[in-house]
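Participant: Before anything else, here's the structure in question.
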Amino acid sequence: MIIHCDGSVNVLGGLSKDVARDVPVLCEEATTFVMECVNELPVKTPVYATLVGLINAEAPEFGESVVSTTTDALNEALKAEDLSARVRARILTRFLVMLSAVGVVKSDEAIGLLENMLLHALAEAKGGKKGWQPRADWIAYVALAAVPWGGEFYSKSEYVNQFENVLDLADEYAKKRTANPDSATTIIKSADGNEIDWFMEMHARLSAARTNQQWNILSIPAIAEPFVDALAKTSNAHALPMIEITTIAYANHAEASAHYPGRSILR
């Protein structure tokens, strides 16, 4: 049933009660299956986050299990260099952000994760070691790609100032990095017709959303309305275990780019 959950109020409500009742005996199996769904069907991240939030409200040990499993997987993905790991890191970061919007993860700690990613990228930029930018761009991208999934919630929450700091850090990093560092990277045109690289195009979109206060992204499924307020106020939010963002040394830019090639669009 979990994989077929469509996000409707009736299905989420009924399924969450069924799973919550069986958490004492099915916690590990249910956690594993939810994680498989999140990784394989990432477009439904808000649906699965809401389901976890509803179960967590009744059985907090399940929410704790999901948070622990997610952060373990994210730590592994952030240290790996293959494509599948890079995709997982983005999906898992997004999931943690959504979990904070439904009372499973403490919101200030989820935003803190995004801040730490951007601070790491900034530190790499300021350090200026050979081949620093491709991985730093990717770390910053993982953080910023999660922003639209939590922007609507964070911008109206008590953590709005901390959320604004994430966007300020993004601005600072955008100024530190070198635009178009790789001649093989696809250059695209912005709305005003200027040619920019993939990272700056992404940053421009987020800046526009910030300026216009338009974080309600139509392509991102919304949390089922009847659950929003109740889940946001739950007292069962869990702390994030440590998430380590390591520095990986490269001999030169070409070697780093082979592991972290530039992207042409925000996806």
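Since every read-out is calculated from the coordinates, none of them should be taken as a lab result. A quick note: this is a predicted structure, and the numbers were derived from the prediction, not measured. Please note: Cβ atoms are built from the backbone with ideal geometry, for glycine as well, and neighbour counts cover all protein chains shown.
Participant: Could you give the length gained by full extension between residue 175 and residue 26, i.e. 0.36 nm per residue of separation minus their alpha carbon distance, to one decimal place?
Facilitator: Gain in length upon complete extension: 48.8 nm.
Participant: Still on this structure, please answer the following. Residue 209: net charge of surrounding residues, Cβ under 14 Å, Lys/Arg +1, Asp/Glu -1, itself excluded?
Facilitator: Here the charged neighbours net out to -1.
Participant: Pull up the cross-link candidates among the aspartates and glutamates for residue 106, meaning alpha carbon to alpha carbon under 20 Å and not fewer than 8 places away within one chain.
Facilitator: By straight Cα distance, residue 106 reaches 58, 61, 64, 72, 115, 152, 158, 164, 229, 244.
Participant: Same structure, new question: For residue 219 and residue 164, compute 0.36 nm times the residue count separating them, minus their Cα-Cα distance, and round to one decimal in nm.
Facilitator: 17.5 nm
Participant: At 7 Å along the Cα-to-beta-carbon direction for both residue 233 and residue 126, put a label point, then send me their distance in nm to one decimal.
Facilitator: Distance between label points: 4.1 nm.
Participant: Report the equivalent ellipsoid semi-axes for the chain in whole Å, largest first, defined as the square roots of five times the eigenvalues of the gyration tensor built from alpha carbon atoms.
Facilitator: 33, 20, 16
Participant: What relative contact order, as a whole-number percentage, does the chain give when Cα pairs under 8 Å and 6 or more residues apart are counted?
Facilitator: So the answer I get is 26 percent.
Participant: While we're looking at this one, here's another question. Can you return the lysines within cross-link range of residue 79? Criterion is Cα-Cα under 18 Å, with same-chain partners fewer than 8 residues away left out.
Facilitator: Straight-line reach from residue 79, under 18 Å: no lysines qualify.
Participant: Neighbouring Cβ atoms within 10 Å as the yardstick, rank 100, 107 fewest first.
Facilitator: Starting with the residue having the fewest Cβ neighbours, the order is 107, 100.
Participant: Can you spot the lysines whose alpha carbon is less than 17 Å from residue 130's alpha carbon? Ignore those fewer than 8 places along the same chain.
Facilitator: The reachable lysines, counting only those whose Cα sits under 17 Å from residue 130, are 176.
Participant: Quick test of the membrane-span-like rule: which DSSP H helices of the chain reach at least 18 Å along their long axis (C-alpha atoms) with mean Kyte hydropathy at least -0.5?
Facilitator: 9-40, 45-58, 60-79, 83-101, 107-127, 133-154, 198-212
Participant: Under the 0.36 nm per residue contour assumption, what length would be gained going from the current alpha-carbon distance of residue 82 and residue 43 to full extension?
Facilitator: Here the segment from residue 82 to residue 43 would lengthen by 11.9 nm.
Participant: Taking the Cα centre of segment 9-259 as origin, sum charge times position over the Cβ atoms of Lys and Arg (+1) and Asp and Glu (-1), and report the length of that vector in debye to the nearest 20.
Facilitator: For segment 9-259, the charge dipole is close to 520 debye.
Participant: Which order results if 168, 108 are arranged by neighbouring Cβ count within 10 Å, fewest first?
Facilitator: With the fewest neighbours first, 168, 108 line up as 168, 108.
Participant: So for the chain, taking the charge dipole from beta-carbon charges (+1 Lys/Arg, -1 Asp/Glu), which of 142, 14, 132 sits furthest toward the positive end?
Facilitator: 132
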